[in-house]
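Some notes on the structure that comes next.
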Amino acid sequence: MICPNCSTELKRTERTDQVCSHCHRRFALDPQLHGSGMHDLRIRRCVESLTDGGRLKVTVTQLWYRSRRSSTAWRAREARGIRPGIRWLVALAVCAGLVGCAAVTSGTPAVLAATAAVLVLVVPGFMPYERARPAGSSVSPTEQAFRQLMDGVWRRAYGGLPPGVVDDAGRGRGDSAPRQPRPRAVILCTDHSVAVFLEANDLPVRLRVVLVEADPGSAHDALVDLPGRLPVVVLHDASALGALLAPLLRIAHPDRAVVDAGLPVAAVRHHRGAVHRVSPVAAVDAAELRAVAGLSAQDASWLAEGFWSPIAAVPPPLLATVLEDAVERAVAAARPDSAAAYGFLTWPDPDGSADADTSGKKGTPTA
């Protein structure tokens, strides 16, 4: 690997205990110890991309999604084939019968019975069997492992997190940003990491909005104490509850303009750079998703299976741009002569680099 401090190519014996034998300076990550792709130079490139060259501050969760080595999700699968125990139980019973026949006969019948007995014992070993598997997903490294690296070896090597990265675990979930004296709108955010990202970049102050963090199930209660005329911008994952959130808020709060600025399913379902995950919670019925959220049959079916994609994995520069546009749309939609706006967040095209599954390249909002 290359020393991140002096750029010297280091052999394994030249970087013992994460200390370069040439410049004698400590570094944080060693790919042989912490996994392929986990090295300081790559993390710095990821931070550079996420922060848009230092213009933004980002969270550890956003950095984790950006610097992940891999992510995958799979559908549930039913058991296939015959269980090995049953196969061998039947095979042994048949084999015992054939051996008995071979013992009481002679000549060709005995040879055929003995040959059949051998085949009966051999064939079950080639019969495939696949166990039932529930739907699931994985991200490598795990969030816990990545946070341990950042809070452990990275802080020891550099004295803190990478410049521009803030720890989103330090703020309690559900805390709201300070209220603006004359807010223009409300941002309802269902993702803790994104809420911390917005506060760290003073977006609520610059946009003159009230930032409210709440789970999708408690979003209605979170708006009760806010002025009823303020329009609402909803930020959510591409998930079943997220897709239902804006339509249900429009029903519960007919006096508010509600703009859905969340991550739409159509933008991530087939996108190779998007993170796909599976929720352990029972999914919403596909028919309900089509009827209430107006989703296509394919998107509704995907969500009903438990799949979802986190908005925290969206490149922060794109997220900030979309949010600014969403607030302006919400303010315009709150006027008596305007209609409510709908979702318009799209995923950016990949930039083709090996370690840039979620690019910082800005996408084009679509109505």
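The values are calculated or read from the model by the stated rules, or taken from the named source; none is laboratory data. Please read all numbers here as calculations on a predicted model, not as lab measurements. Heads up, the Cβs are rebuilt from the backbone with ideal geometry, glycines too, and the neighbour counts pull from every protein chain shown.
Brief remarks on what is shown
- Among the criteria (1) out of contact with any His (no Cβ under 9 Å at 6 or more places or on another chain); (2) at pLDDT 80 or above; (3) surrounded by 16 or more Cβ atoms within 10 Å (Cβ to Cβ), the one residue 358 does not fulfil is (2).
- Test: residue 137 is outside any helix (DSSP H, G or I) and touching a residue at least 40 places away in the same chain (Cβ under 8 Å): yes
- For the residues 259, 281, 224, the requirement of being in the same structural domain as residue 322 (by TED's automatic domain parsing) and crowded, with 19+ Cβ neighbours inside 10 Å singles out 259.
- Qualifying residue in the stretch 45-68 (condition: at pLDDT below 90, of a type outside the set (A, V, I, L, M, F, W, C), part of a strand (DSSP E or B) and in contact with a helix residue (DSSP H, G or I) (Cβ under 8 Å, 6 or more places away or on another chain)): no
- Test: residue in the stretch 171-188 that is at pLDDT 90 or above, surrounded by 15 or more Cβ atoms within 10 Å (Cβ to Cβ), closer than 30 Å to residue 250 by Cα and within 23 Å of the chain's Cα centre (by Cα): yes
- Among the residues of the stretch 13-37, those that are within 27 Å of residue 63 (Cα to Cα), without any contact (Cβ under 8 Å) to a residue 24 or more places away in the chain and either in a loop (DSSP other than H, G, I, E, B) or of a type in the set (D, E, K, R) (or both) comprise 15, 17, 20, 25.
- Residue identified as modelled with pLDDT under 75, under 30 Å from residue 39 (Cα atoms) and either among the acidic types (Asp, Glu) or in contact with a Ser or Thr (Cβ under 9 Å, 6 or more places away or on another chain) (or both) among 349, 337: 349
- Taking the numbered list (1) surrounded by fewer than 18 Cβ atoms within 10 Å (Cβ to Cβ); (2) in contact with a Lys or Arg (Cβ under 6 Å, 6 or more places away or on another chain); (3) closer than 23 Å to residue 140 by Cβ in turn, residue 19 passes all entries but (3).
- The stretch 124-156 - residue that is surrounded by 16 or more Cβ atoms within 10 Å (Cβ to Cβ) and of a type in the set (A, V, I, L, M, F, W, C) and, of those, nearest to residue 312 (Cα to Cα): 139
- Inter-residue pairs, beta-carbon under 6 Å, first at negative phi and in the stretch 210-231, second modelled with pLDDT under 75 and buried (at least 19 other Cβ atoms within 10 Å of the Cβ), 6+ apart: 211/177
- Residue within the stretch 149-159 that is modelled with pLDDT of 90 or more and part of a loop (DSSP other than H, G, I, E, B) present: yes
- Qualifying position, being within 28 Å of residue 46 (Cα to Cα), part of a helix (DSSP H, G or I) and in the same structural domain as residue 201 (by TED's automatic domain parsing), among 246, 274, 291, 267: 267
- Residue pairs meeting the criteria (Cβ under 7 Å; at least 6 apart or on separate chains; first on the phi > 0 side of the Ramachandran plot, in the stretch 303-316; second not in a strand (DSSP E or B)): 306/135; 306/279; 306/283
- When 30, 40, 52 are checked against the criterion of being surrounded by 21 or more Cβ atoms within 10 Å (Cβ to Cβ) and not basic (Lys, Arg), 40 stands alone in meeting it.
- Matching residues, the stretch 1-27, being hydrophobic (A, V, I, L, M, F, W, C) and either out of contact with any Cys (no Cβ under 9 Å at 6 or more places or on another chain) or not assigned by TED's automatic domain parsing to the domain that holds residue 42 (or both): 1, 2, 19
- Test: residue 89 is in a helix (DSSP H, G or I) and either in contact with an Asp or Glu (Cβ under 7 Å, 6 or more places away or on another chain) or surrounded by 14 or more Cβ atoms within 10 Å (Cβ to Cβ) (or both): no
- Lone qualifier among 266, 283 - being hydrophobic (A, V, I, L, M, F, W, C) and at pLDDT 90 or above: 266
- Candidate set: the stretch 262-273, residues that are in contact with a helix residue (DSSP H, G or I) (Cβ under 7 Å, 6 or more places away or on another chain) and surrounded by 20 or more Cβ atoms within 10 Å (Cβ to Cβ); chosen: the one nearest to residue 218 (Cα to Cα): 262
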